[in-house]
Amino acid sequence: MTELTQLYTVAEHGFGDCLRTAFACILDKQHPSEIPMFTFEEDGTPTGPDWGLKMMRWFREQGYEWDTIDLKAVRQGREMAPGTLEMLDGYWVASGLSPRFYPDGSIMHHAVVGFGRDMQIVHDPHPLRTGLRGLPETAYCLTPIQK
């Protein structure tokens, strides 16, 4: 895993790129820009509700399946599909509440790098490195496609 710092933060630019930077970290990229910004256009305009589909397609083109795990459900002991927890055995992107807020005071989400089934946060791409407010809510996992 490469420890990278995100290029855009809400405080400085009005939008952030923590999600792509966290993925760049777990894929050992040299720069966050090697991963597209799925949730924002390069000018900071939100991409809309289909960002997840764009992300899924892009990772598939790169040779990865992208899966989402509801970590709140895992912590509550809900039964998971076979193989789900195994996806947490390596590095994954964790999403949850940010310790920061939008200028209007609304809630902001943040993405960091997690590792293992015990849901450790091992790297925060934000320059302040303050992690998440509370426990991660969602894990985004990449699994190489077997050919």
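The values are calculated or read from the model by the stated rules, or taken from the named source; none is laboratory data. These numbers come from a predicted model, not from an experiment. FYI the Cβ positions are ideal-geometry reconstructions off the backbone, even for glycines, and counts take in every protein chain you see.
Data table
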{"quantity": "Selection from the range 116-137 of residues that are surrounded by 13 or more Cβ atoms within 10 Å (Cβ to Cβ) and under 22 Å from residue 5 (Cβ atoms)", "calculated": "121, 122, 123, 124, 125, 126, 130, 131, 132, 133, 136"}
{"quantity": "Qualifying positions in the range 1-43 - acidic (Asp, Glu) and farther than 21 Å from residue 91 by Cα", "calculated": "12, 41, 42, 43"}
{"quantity": "For residue 54: the one exception among (1) assigned to a helix (DSSP H, G or I); (2) closer than 20 Å to residue 33 by Cβ; (3) touching a strand residue (DSSP E or B) at 6+ places or on another chain (Cβ under 9 Å); (4) not polar (S, T, N, Q)", "calculated": "(3)"}
{"quantity": "Residue match in the range 19-36 (condition: part of a loop (DSSP other than H, G, I, E, B) and at pLDDT below 90)", "calculated": "no"}
{"quantity": "Of all residues making up the range 58-99, the number that are part of a strand (DSSP E or B) and buried (at least 16 other Cβ atoms within 10 Å of the Cβ)", "calculated": "12"}
{"quantity": "Failed item in (1) at pLDDT below 85; (2) in contact with a Cys (Cβ under 8 Å, 6 or more places away or on another chain), with residue 46 passing the rest", "calculated": "(2)"}
